[in-house]
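Colleague: For reference, the structure I am asking about is given below.
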Amino acid sequence: MKNFKIIGFSLLLILLGFSSCRNESIDASMPQTTVSGKKLAFDPKPQKHDDVYAKLRDFKEKLRLFQGNASLRSIQTMSVDKVVWNVEAYLNAAYGHSDKPFAGQSIHQDSFLISIADGEVSGSEVLSTLERAKGYVADQYRRVAESSKHIVFIDIAAKEIGGNQLQFKVSSFIGLNPLQMRTDPYSATDDWIYGFQLGKCDETMVGKDGTDRLNEELNTRYIVPPTVFNPHHMFFTDIEDIWILSNQFTNFADDTPSDNKRDYLLFVSNPNISTNYDDCILYQDMNWYYNNLYNIVTSSTLPNGIKPAGKYFVASNIWGDAIEIGNNRGPYRMQRGPISFGIPHFCWVSSPCNPTINCYIICDGENVN
């Protein structure tokens, strides 16, 4: 269940009005490895979260009872919050493959209405809601044409409409086509326009941009390699999105402040500064911004770390944007968008279910069934 946040003073900037053109330093104790000369951070080995698995076992037992007893499912209910959490956890335990690297991403959302009464959902409606959510996840997976794809996580959100109906939203974050590793994320040919999928600074590779490339490298490199837990795989619960805006991350070590060159830890080009107002990010700066973004998402230490306590990075989906703030000589060129975090768990089978087949492998800490 995602809780959307705007960090720091970026909320004030957004309230001032903008127009968008697009619909933890690492702990020394954290084990590390090297792939092609580049360190990767492992999340600490997911522990057996007894409370989470107990909830999943309890939910599966309720489902079994509801399925076999029509009178019981008509009189027993679950709170809306419990339905949302359990359906999300169930789907991620069945289909999520969060330890598998990816570069591209395809995000799909669908919604449907369910009936409620005084904040409670009947047993019949619980069964129906889970089956409909499964169906939407399967449909979302089928929409993605790429052959190399997997579900990174599934998010469930609910919004009450009127007094007796709930809008139930199902979102699948599908990872695509992991990159081949190399020592540094970006080489001398990687000068990129920061946003709007305008390609490289030499006007090639249109359809992708510098911020897309930051997402690709981070989502590919920041993983728990499957060999560590082989034959297990990971999934996340309690998904949370934290929205970032690049000008909230001041570079306090900048030798020459306010010159539009690395004034912030992520890309910002300020129209009120006469020098270096540009939309091109040189490859040296691409590597610098990548390392900064990596530290931002893996640190809980303020002012720049954004990782929630007890949760770990799942995926980055930021983009380059042009933001109007007050009366300026032009738009601020910045990066913004959601970074997803969650609580990791691992499953005692090598791979999750394919959502397009009738598969009911649910990891609950004791059994896989």
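Colleague: Given the conditions (1) surrounded by fewer than 22 Cβ atoms within 10 Å (Cβ to Cβ); (2) more than 17 Å from the chain's Cα centre (by Cα), which single one is not true for GLY195?
Modeller: Result: GLY195 passes all but (1).
Colleague: Go through (1) within 19 Å of PHE235 (Cβ to Cβ); (2) not in a strand (DSSP E or B) and name the single condition ASN272 misses.
Modeller: For ASN272, the exception is condition (1).
Colleague: Name every residue in segment 318-327 that is surrounded by fewer than 16 Cβ atoms within 10 Å (Cβ to Cβ) and either among the charged types (D, E, K, R) or modelled with pLDDT of 95 or more (or both), in order of residue number.
Modeller: GLU324
Colleague: Then there's this: SER124 - would you say it is more than 23 Å from THR211 (Cα to Cα), in a helix (DSSP H, G or I), of a type in the set (Gly, Ala, Ser) and in contact with a helix residue (DSSP H, G or I) (Cβ under 9 Å, 6 or more places away or on another chain)?
Modeller: Judged against the criteria, SER124 is a match.
Colleague: Test VAL228 against the stated conditions and say whether it is at pLDDT below 95 and assigned to a helix (DSSP H, G or I).
Modeller: yes
Colleague: Filtering segment 61-109 down to residues that are within 30 Å of GLU216 (Cα to Cα) and of a type in the set (D, E, K, R), which residue is surrounded by the fewest Cβ atoms within 10 Å (Cβ to Cβ)?
Modeller: Within segment 61-109, the match that is surrounded by the fewest Cβ atoms within 10 Å (Cβ to Cβ) is LYS100.
Colleague: Right, another one. Would you check if LEU293 is in contact with a helix residue (DSSP H, G or I) (Cβ under 8 Å, 6 or more places away or on another chain), closer than 22 Å to GLY104 by Cα, assigned to a helix (DSSP H, G or I) and modelled with pLDDT of 95 or more?
Modeller: In short, yes.
Colleague: Checking the structure you have, find out if any residue of segment 178-194 is of a type in the set (Gly, Ala, Ser), assigned to a loop (DSSP other than H, G, I, E, B) and within 19 Å of ARG221 (Cβ to Cβ).
Modeller: yes
Colleague: Which pairs have Cβ atoms under 7 Å, sit 6 or more apart or on different chains, and link a residue in segment 282-298 that is farther than 15 Å from THR220 by Cβ to one that is part of a helix (DSSP H, G or I) and among the β-branched types (Val, Ile, Thr)?
Modeller: Taking only residues 6 or more apart or on different chains, not a single pair turns up.
Colleague: Name every residue in segment 296-355 that is aliphatic (A, V, I, L, M) and in a strand (DSSP E or B), in order of residue number.
Modeller: Of everything in segment 296-355, those that are aliphatic (A, V, I, L, M) and in a strand (DSSP E or B) turn out to be VAL314, ALA315, ALA322, ILE323, MET334, ILE339, ILE343.
Colleague: Let me ask something else about it. Where the second residue is aliphatic (A, V, I, L, M) and assigned to a loop (DSSP other than H, G, I, E, B) and the first is at pLDDT below 75 and lies in segment 338-356, which pairs have Cβ atoms under 6 Å and are six or more apart or on separate chains?
Modeller: none
Colleague: On to the next question. Which one of the conditions (1) crowded, with 16+ Cβ neighbours inside 10 Å; (2) part of a strand (DSSP E or B); (3) hydrophobic (A, V, I, L, M, F, W, C) does LEU130 fail to meet, given that it meets all the rest?
Modeller: Unmet for LEU130, out of (1) crowded, with 16+ Cβ neighbours inside 10 Å; (2) part of a strand (DSSP E or B); (3) hydrophobic (A, V, I, L, M, F, W, C): (2).
Colleague: For segment 262-276, state whether one or more residues are under 16 Å from the mean Cα position of the chain (by Cα), aliphatic (A, V, I, L, M) and modelled with pLDDT of 90 or more.
Modeller: No, segment 262-276 contains no residue that is under 16 Å from the mean Cα position of the chain (by Cα), aliphatic (A, V, I, L, M) and modelled with pLDDT of 90 or more.
Colleague: Any chance you could count how many residues in segment 40-79 are modelled with pLDDT under 90 and among the hydroxyl-bearing types (Ser, Thr, Tyr)?
Modeller: Number of matching residues: 2.
Colleague: How about segment 136-148: which of its residues are modelled with pLDDT under 95 and either part of a helix (DSSP H, G or I) or within 20 Å of the chain's Cα centre (by Cα) (or both)?
Modeller: Residues satisfying the conditions are GLU146, SER148.
The values are calculated or read from the model by the stated rules, or taken from the named source; none is laboratory data. Just so we're clear, the structure is a prediction, and the values are computed from it rather than from any experiment. Cβ sites come from the backbone with ideal geometry, for glycine too, and all protein chains shown count toward neighbours.
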